[in-house]
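The values are calculated or read from the model by the stated rules, or taken from the named source; none is laboratory data. Keep in mind that what you see is a predicted model, and the values were worked out from it rather than measured. A quick note on method: Cβ atoms are made from the backbone with ideal geometry, for glycine too, and the neighbour counts reach across all protein chains shown.
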Amino acid sequence: MSNITKDLAMFNELVEVLITEEAAHPVAERIEANKLYDVLDLSLNTGEMIDDEFKAVLREVLVSTPKTATNLFFNQLFGGRQSKAVLGDLLAVLLNNSMYTYKVAGPQVGIEQEIIRQSCNLIGYGAASNGTFPTGGSMSNYMALLMGRDAKDPECRLDGMTKPLIIYTSKEAHYSNDKNASFAGIGRKNMRYIATDSKGRMLANALAAQVIEDIADGGIPTYVNATAGTTVLGAFDPIDAIADITEKYGMWLHVDGAYCGSVIFSEDYKHLVTGVERSNSFSYNAHKMLGTPLTCSILLVNDKKHLHDSFSNDADYLYQTDGDDFNLGKTSFQCGRRNDALKFWTLWKSVGTNGLKDIVDQQFNLADIALAYIRSNPEYTLYSFDDSISVCFNYKDIEPMALCTALYEHQITVVGFGSFEADTFVRLVTINANNEAVDILNFFQVLEGFVAKTPHLEKVAALPV
Ligand SMILES: *Cc1c(COP(=O)(O)O)cnc(C)c1O
């Protein structure tokens, strides 16, 4: 047997262990961080290890690693497991291409381009559109910001920053915007945080007022980041109203759909991004709503010229054959680039666009079930709104941070908390489309059962104000 055949046999054994373990213990046995190195053999040693011992160590590591694919994981903006996407990602690992040239990636280039082309069609971008697969949503936002910066001030690529560029997002936007302002040389102080309405959506009027004020102060409004699915509430900024402003003042409009941009696949929910065709760039994470393995981020641009202008740096030693359209390295941030497209393509190819629609719709169905449960139960307080898969609530006035930590430490369920304005609450994210109504109701049952058995949970009212 070749090494790879032998190791894949071991892989299959370990997969069996993991799947069985997920069913038996949906929340992993938790190891206290300060005991980690005592409990598990993570040491790297000079000598080799025989396969049986090696396998035993791997088994221990698998069993005690947090489980994100089970029906009790609601902590993050990803969860579950789309098995056709897992299959694609495993194949990508075996193929081990790098996506920069056709010479090295071959048909994988076409796979990536087909996803980009279809995605551009879905959002109504025209014939000049294109895109790339950055390393994540944060990087997508960064690349969009660089294109917006360069479009406004092309000289800054040579001279560095010489002009007072100002950029905008809402108070509820992802924190990567803040970091990116510093990375891009624009500076965090030149980022304006626009107020939101009571449902967490950017106020277009407040944006317009701020832009006018900045112009009066000699600033150059350059870029707006609108969000399709804010990180806490899952709110959608009003893209059409924002596009009226960015078009009027010649600013770049980026729509950060990392969390919920995948609504573009759903007839019922794509109205939440109405106006997206007017944006200059749009990004979404297939590893969030569509359930592919991490990471799978897609950045689309309405005019591919901007991708070239900001990211191509001709390297003759690399680009020796085929045209630009097949040498994707000319429009990417990094040089060597992992194949993140194949896992999305295997999913899309196998379930069709209708299947992706069902995945998205199911998450909203599950959110509706959670909302109905909370609304019909007076012991709960609801803080989130319709058309969001982030369901935010408190139960019996229990301090949400203490509750989430206790649920985690006792391996009951993994769920997080968030804040909006003055409120802090539990945030249940119904992003695992493999879940069904019973799994959501089971979540509330295990939470209530835990609270009933745990007398000393802190109350919100008991906290100092
Ligand atoms: C998750 C998220 C990001 C960051 O994406 P990563 O892939 O984790 O870098 C950016 N914006 C929003 C709205 C997100 O929810």
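Assorted remarks:
- Residues within the stretch 68-90 that are modelled with pLDDT of 95 or more and in contact with a helix residue (DSSP H, G or I) (Cβ under 6 Å, 6 or more places away or on another chain), tallied: 6
- Any hit, the stretch 101-115, residues being in contact (Cβ under 8 Å) with a residue 24 or more places away in the chain, of a type in the set (G, A, S) and in the same structural domain as F133 (by TED's automatic domain parsing): yes
- Residue pairs whose Cβ atoms lie under 8 Å apart, sitting 6 or more positions apart in sequence or on different chains, and linking a residue in the stretch 197-214 that is at positive phi and part of a helix (DSSP H, G or I) to a partner that is of a type in the set (S, T, N, Q) and crowded, with 17+ Cβ neighbours inside 10 Å, do not occur here.
- Failed condition for Y142, given (1) farther than 21 Å from D214 by Cα; (2) out of contact with any strand residue (DSSP E or B) (no Cβ under 9 Å at 6 or more places or on another chain); (3) modelled with pLDDT of 95 or more; (4) more than 16 Å from the ligand (Cβ to nearest atom): (4)
- Residue within the stretch 245-264 that is farther than 17 Å from V429 by Cα, of a type in the set (D, E, K, R), in contact with a Gly (Cβ under 7 Å, 6 or more places away or on another chain) and surrounded by fewer than 23 Cβ atoms within 10 Å (Cβ to Cβ) present: no
The rows are residues; the columns are (1) over 25 Å from the mean Cα position of the chain (by Cα); (2) in the same structural domain as G137 (by TED's automatic domain parsing); (3) over 21 Å from A286 (Cα atoms).
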| residue | (1), (2), (3) |
| --- | --- |
| D358 | no, no, no |
| A372 | yes, no, yes |
| R375 | yes, no, yes |
| L382 | no, no, yes |
| D387 | no, no, no |
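- Residue among L87, L72, L77 that is under 25 Å from T295 (Cα atoms), surrounded by fewer than 18 Cβ atoms within 10 Å (Cβ to Cβ), touching a residue at least 60 places away in the same chain (Cβ under 8 Å) and outside the structural domain of P293 (by TED's automatic domain parsing): L87
- Sub-9 Å Cβ pairs linking a first residue in the stretch 292-310 that is among the small types (G, A, S) to a second residue that is away from the ligand (no atom under 16 Å from the Cβ), at least 6 apart or interchain, are S310/M147; S310/R149; S310/D150; S310/A151; S310/R157; S310/T331, ordered by first then second residue.
- Failed condition for Y408, given (1) surrounded by 17 or more Cβ atoms within 10 Å (Cβ to Cβ); (2) modelled with pLDDT of 95 or more: (2)
- Subset of the stretch 208-243 [away from the ligand (no atom under 16 Å from the Cβ), acidic (D, E) and buried (at least 17 other Cβ atoms within 10 Å of the Cβ)]: D214
- Wholly within the stretch 314-432, strands (runs of 3 or more DSSP E) carrying at least 1 residues that are under 30 Å from L91 (Cβ atoms): 414-420, 423-429
- One residue from L14, L40 being outside the structural domain of K288 (by TED's automatic domain parsing), over 28 Å from N442 (Cβ atoms) and surrounded by fewer than 18 Cβ atoms within 10 Å (Cβ to Cβ): L40
- Filter pass, F183 being within 17 Å of the chain's Cα centre (by Cα) and on the phi < 0 side of the Ramachandran plot: no
- Just one of the listed residues (D340, D316, D303) is assigned by TED's automatic domain parsing to the domain that holds G200, at pLDDT below 95 and more than 30 Å from D197 (Cα to Cα), and it is D316.
- Residues (within 16 Å of the ligand (Cβ to nearest atom) and closer than 14 Å to I167 by Cβ) located in the stretch 244-286: L253, H254, D256, S281
- Count of the stretch 149-178 residues which are buried (at least 18 other Cβ atoms within 10 Å of the Cβ) and either within 16 Å of the ligand (Cβ to nearest atom) or basic (K, R) (or both): 11
- Within the stretch 123-139, tally of residues that are within 12 Å of the ligand (Cβ to nearest atom), surrounded by fewer than 24 Cβ atoms within 10 Å (Cβ to Cβ) and not in a loop (DSSP other than H, G, I, E, B): 2
- Cross-chain or 6+ apart pairs with Cβ under 7 Å, the stretch 255-271 first and touching a residue at least 12 places away in the same chain (Cβ under 8 Å), then acidic (D, E) and away from the ligand (no atom under 16 Å from the Cβ): S266/D361; D268/D361
- Per this entry, N327 is not counted among residues that are under 26 Å from the mean Cα position of the chain (by Cα) and either of a type outside the set (D, E) or on the phi < 0 side of the Ramachandran plot (or both).
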